[in-house]
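Notes to accompany the following structure.
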Amino acid sequence: MRQSSLFPKTKKEAPKDAESINHKLLVRAGFIDQLMAGSWTLLPMGWRVVNKINQIIREEMNSTGAQEILMPLMHPKEVWQETGRWDTAREIMYQLKDSRNKDLGLGFTHEEIVLDLVRKHITSYQDLPLALYHFSTKFRNEPRARSGILRGREFMMKDLYSIHAGEEDFWKYYEEVKKAYCRVFKRLGFDFKITEAAGGVFTDNNTHEFQVLAEGGEDTIYYCEKCDFAQNQEIFKAPGPEGLGPGGVITCPVCKKGSIRQSKSIEVGNIFPFGTYYSERMRVYYTDEKGMRKPVWFGSYGIGSTRVMGTWVEVSHDERGIIWNKTIAPFDVHLLDIRTNDKGQRAKEIYQKLEDSGIEALWDDRNVGAGEKFADADLIGIPVRLVTSEKTKDKIEWKSRASEKTELLTIDQVIEAITKSRL
């Protein structure tokens with residue numbers, strides 16, 4: 001991609017109303033644009049990042065045996081009335097009437113919709129288990145949309161739903177998805193905790209959140225420094241004096257050895273065990289081996305992929321801009337042509353060799369000063385910066401975005417280094 005053609009151009013100043021880091025940097029660097037509070041356009045580079053995030057999620061969901069579909073975003077009132085959530089979720093669900101005075105809702109989640117789908121197509125235990133997922137826009141009437149792309153009124157989300165013939169099979173798959181989520185967030189490069197939390201408008205059961213430790217996070221979690229214990233502030237109960245260790249430190253209630261630490265965090269995923277609550281209300285039954293009709297066991301599992309992009313920026317940046325990793329960066333390398341007398345011919349040849357080798361390159365071919373090119377490269381944050389100039393002669397200056405060190409390499413060495421880093 002030639003940077004002279006890339007839409008839009010970078011901005012020197014952040015929006016006046018921007019408070020969060022992801023809002024400031026993603027807008028300035030040209031990844032997102034705000035239509036109104038809580039409503040964002042994913043611009044070309046932002047869309048590239050989200051697609052890479054989605055592909056990692058897709059691969060791990062497929063590894064659990066789940067199948068990808070796409071469900072409608074506009075739903076009839078009658079389906080939501082079956083579970084009672086047309087009324088109980090009114091505060092966060094956009095509800096409207098069409099020209100025929102029919103009540104409709106915009107999907108903030110899809111439990112009712114997937115169960116309506118499933119009950120049309122399953123009859124016996126031989127049709128189960130079943131796991132379906134999709135990537136789609138979600139609409140939530142946030143009373144105060146804030147924190148840039150982290151808390152929006154509409155956002156992209158992957159939601160997975162699993163349907164089972166019994167409790168044992170359900171919990172087995174639930175744990176399998178939990179492991180798949182861990183693989184997703186490890187591949188993305190996050191430092192995260194699996195945290196027990198309340199179910200909100202989804203369920204009365206405790207659920208599990210995947211929380212990324214971040215100073216700018218809106219959530220507060222408590223976790224053990226030695227074991228896997230972690231809880232959201234909503235359900236964490238500080239112990240009395242008898243539960244405190246030396247110096248008033250809270251001792252882990254599980255391992256009894258580690259100290260409990262408090263941290264701000266950002267929720268990037270969650271999983272919900274519903275049991276038979278929704279299936280009983282929507283009469284989603286199957287026939288077992290003995291011919292008995294029973295309600296299916298049901299679970300829901302979500303990851304906000306646009307939220308993941310914003311979270312990465314919150315935890316990976318410096319005073320100059322974003323620092324992407326190689327996994328989700330919009331491009332592999334950022335090629336800068338600085339003060340050469342060949343009208344960019346050598347840079348063009350390097351760019352073509354990179355592209356021919358399957359390396360995604362953003363080539364800054366603009367007729368602007370070196371200082372502006374370097375500043376934009378740091379702001380955009382692509383993992384590797386390559387510079388060709390009179391000073392580098394027949395070689396290329398290599399610099400990692402996360403390092404100050406530079407070195408001179410041949411084009412073949414550059415291609416080899418990028419190729420090896422993918423293995």
Past 20 Å, Cα to Cα, is the threshold; run Lys52/Lys348; Lys193/Lys264; Lys179/Lys257 against it and keep the listed order.
Lys52/Lys348; Lys179/Lys257
Gyration tensor on Cα atoms of segment 11-94, a ≥ b ≥ c root eigenvalues, a/c under 1.5 rounded, else prolate if a/b beats b/c, else oblate, says oblate
Within segment 296-318, which residues have the backbone N less than 20 Å from the label spot 7 Å out from Trp171 along Cα→beta-carbon, could you tell me?
296-301
Using helices alone, what [θ] at 222 nm do you get for the chain, with -39,500 (n - 2.57) per DSSP H run of 4 or more residues, divided over all residues and rounded to the nearest 500?
-8500 deg cm²/dmol
Counted charge near Val27, where neighbours are those whose Cβ lies closer than 10 Å (Asp, Glu -1; Lys, Arg +1):
+1
Indicate, rounded to the nearest 5 percent, the antiparallel portion of the DSSP beta bridges found entirely in segment 333-423.
45
Counting Lys and Arg as +1 and Asp and Glu as -1, what is the net charge of the other residues whose Cβ lies under 12 Å from the Cβ of Trp40?
+1
Rounded to the nearest 5, what is the percent of antiparallel bridges among the DSSP beta bridges in the chain?
80
What size of dipole, in debye to the nearest 20, comes out for the chain about its Cα centre when the only charges are +1 on Lys and Arg C-beta atoms and -1 on Asp and Glu C-beta atoms?
640
So for segment 21-318, taking the charge dipole from beta-carbon charges (+1 Lys/Arg, -1 Asp/Glu), which of Tyr173, Ser316, Gly84 sits furthest toward the positive end?
Ser316
Loop only by DSSP, 13 or fewer other Cβ within 10 Å of the Cβ. Give me the GluC sites (Glu not before Pro) in segment 263-357 that pass, ordered by residue number.
Glu289, Glu319
What does the charge count around Ile328 come to, taking other residues whose C-beta lies under 10 Å from its C-beta (Lys +1, Arg +1, Asp -1, Glu -1)?
+4
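Nearest 0.05, what FRET efficiency do Asp127 and Ala402 give at R0 = 60 Å with Cβ-Cβ as r?
So, using R0 = 60 Å, E works out to roughly 0.75.
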Over segment 331-421, what number does the Rg to Rh ratio reach, with both radii from the alpha-carbon atoms and Rh per Kirkwood?
0.91
When a footprinting reagent is the concern and you count Cβ atoms within 10 Å, what order do Arg119, Arg422, Arg153 take, fewest first?
Arg422, Arg119, Arg153
Can you list the HN-Hα couplings for segment 364-371, worked out from phi with the Karplus curve (6.51, -1.76, 1.60; θ = phi - 60°), rounded to whole Hz and with x for Gly and Pro?
7, 9, 6, 8, 10, x, 4, x
Karplus (6.51, -1.76, 1.60) ³J(HN,Hα), θ = phi - 60°, over segment 47-59, in Hz, Gly and Pro reported as x:
5, 4, 5, 5, 4, 5, 4, 4, 5, 4, 4, 4, 4
Give me the Å³ per residue figure for the convex hull around the C-alpha atoms of segment 88-215.
156
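Need one word for segment 284-386: rounded, prolate or oblate. Basis is the Cα gyration tensor (sqrt eigenvalues a ≥ b ≥ c); a/c below 1.5 gives rounded, then a/b vs b/c decides.
Judged from the Cα gyration tensor, segment 284-386 comes out prolate (a/c at least 1.5, a/b above b/c).
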Going residue by residue through segment 407-423, the Karplus relation 6.51 cos²θ - 1.76 cosθ + 1.60 with θ = phi - 60° gives ³J(HN,Hα) values, rounded to whole Hz and with x marking Gly or Pro, of 8, 9, 10, 7, 4, 5, 5, 4, 4, 5, 5, 5, 4, 5, 5, 7, 6
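Rg/Rh for segment 78-139: what does it come to with C-alpha atoms and Rh from Kirkwood?
1.04
If each residue's Cβ is checked for other Cβ atoms within 10 Å, how do Arg187, Arg28 rank with the fewest at the top?
Lowest to highest Cβ neighbour count: Arg187, Arg28.
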Explain nothing, just the number: dipole magnitude of segment 331-421 about its Cα centre with +1 on each Lys and Arg Cβ and -1 on each Asp and Glu Cβ, in debye rounded to the nearest 20.
220
Charge dipole (the chain, unit charges on Cβ, about Cα centre) - positive-most of Trp40, Thr327, Ser136:
Trp40
Taking the dipole about the Cα centre of the chain, with the C-beta of Lys and Arg at +1 and of Asp and Glu at -1, give me whichever of Phe31, Leu213, Leu6 is farthest to the positive side.
Leu6
Spit out the partnerless Cys residues in the chain, using Cβ distances under 4.7 Å as the pairing rule.
Cys182
Within straight cross-link reach of Lys290, meaning Cα distance under 20 Å, which aspartates and glutamates are found once same-chain residues fewer than 8 apart are removed?
Asp127, Glu167, Glu168, Asp169, Glu280
Computed D for segment 21-318, Stokes-Einstein, Kirkwood radius over alpha-carbon pairs, 20 °C, 1.002 mPa s, to the nearest µm² per second, is 104
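Each reported figure results from applying straightforward, stated rules to the coordinates on display, with no laboratory input. Remember, predicted model here, so these are calculated numbers, not experimental data. Cβ: placed from backbone, ideal geometry, glycine included. Neighbour counts: every protein chain shown.
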